[in-house]
1. I want the local charge near Ala37. Using Cβ-Cβ distances under 12 Å, sum +1 for each Lys or Arg and -1 for each Asp or Glu among the other residues.
2. Going through segment 1-36, which trypsin sites (Lys or Arg not before Pro) have at most 14 other Cβ atoms within 10 Å and a DSSP loop state?
3. Could you do me a favour and compute the accessible area per residue for the chain, 1.4 Å probe, result in Å²?
4. Could you tell me which of the pairs Lys49/Lys113; Lys30/Lys109; Lys49/Lys109; Lys70/Lys113; Lys31/Lys70 are separated by over 19 angstrom between their Cα atoms in the structure shown?
5. Provide the net charge surrounding Leu17, with neighbours chosen by a C-beta distance below 14 Å and charges set as Lys +1, Arg +1, Asp -1, Glu -1.
6. Taking the chain as a Gaussian network, Cα atoms linked when under 10 Å apart, which of Ala67, Ala94, Ala37 shows the biggest mean-square fluctuation?
7. Calculate the all-directions average of the projected area of the chain's alpha-carbon convex hull, and give it in nm².
8. If you fit an axis through the alpha-carbon atoms of helix 14-23 and take the longest principal axis of the Cα set of the chain, what angle between them do you get, 0 to 90°, nearest 10?
Amino acid sequence: RHLRNNPIFADLPLDDLRHLASATAEVRFKKNQMIFAAGAEPTALYIVKEGSVTLTFDPDGNNPQAAEFKEGGVLNGEAVALGRPHIVTAKAAALNTKLLAIPADEIRKVIAKLPDTRGRFVHSE
């Protein structure tokens with residue numbers, strides 16, 4: 001249900017959506033717990049189910065910029081879709097943050113099968 005209601009998955013064929021849903025795990029993070037670090041290879045696509053996540057971008061080490069993502073927010077679509085390391089660091093911002101984690105390989109299989117979907121993941125952040 002959470003995937004079907006998210007715009008990046010909304011019009012995927014039902015079989016592909018079901019496959020992604022079966023591969024999806026719910027993961028929990030405590031406040032200030034790191035979800036992933038800038039420079040790390042993406043292992044999963046993360047979607048906020050409950051709570052909130054702060055993404056911090058600090059390319060030069062002097063001027064960090066942050067954005068908060070809440071329910072439905074996709075944290076790392078570009079890194080997963082393009083197979084690149086994360087350019088941001090993600091930390092849980094709420095006491096009990098729940099995320100949906102879809103293995104990166106499963107997202108890449110959907111993109112390989114349906115190449116037009118790549119853009120929705122790249123532009124989801």
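1. Residues near Ala37 contribute -1 overall.
2. Values: sites: Arg1, Arg4, Arg18, Arg28, Lys30, Lys31; in loops: Arg1, Lys31.
The qualifying sites are Arg1, Lys31.
3. Details: 6920 Å² over 125 residues.
With all protein chains present, the chain gives 55 Å² per residue.
4. Exceeds cut-off: Lys49/Lys113; Lys30/Lys109; Lys49/Lys109; Lys70/Lys113.
5. My count for the surroundings of Leu17 gives +2.
6. Largest GNM mean-square fluctuation: Ala67.
7. Computing the convex hull of the Cα atoms and averaging its projections yields 7.0 nm².
8. That works out to roughly 40 degrees.
The values are calculated or read from the model by the stated rules, or taken from the named source; none is laboratory data. What you are looking at is a predicted structure, and each value in this text was computed from that prediction instead of being measured. Don't worry about glycine lacking a Cβ; one is built from the backbone with ideal geometry, like all the others, and counts go over all protein chains shown. Protein only, heavy atoms only, side chains kept; ligands, DNA and RNA dropped before computing areas. Shrake-Rupley method; radii C 1.70, N 1.55, O 1.52, S 1.80 Å.
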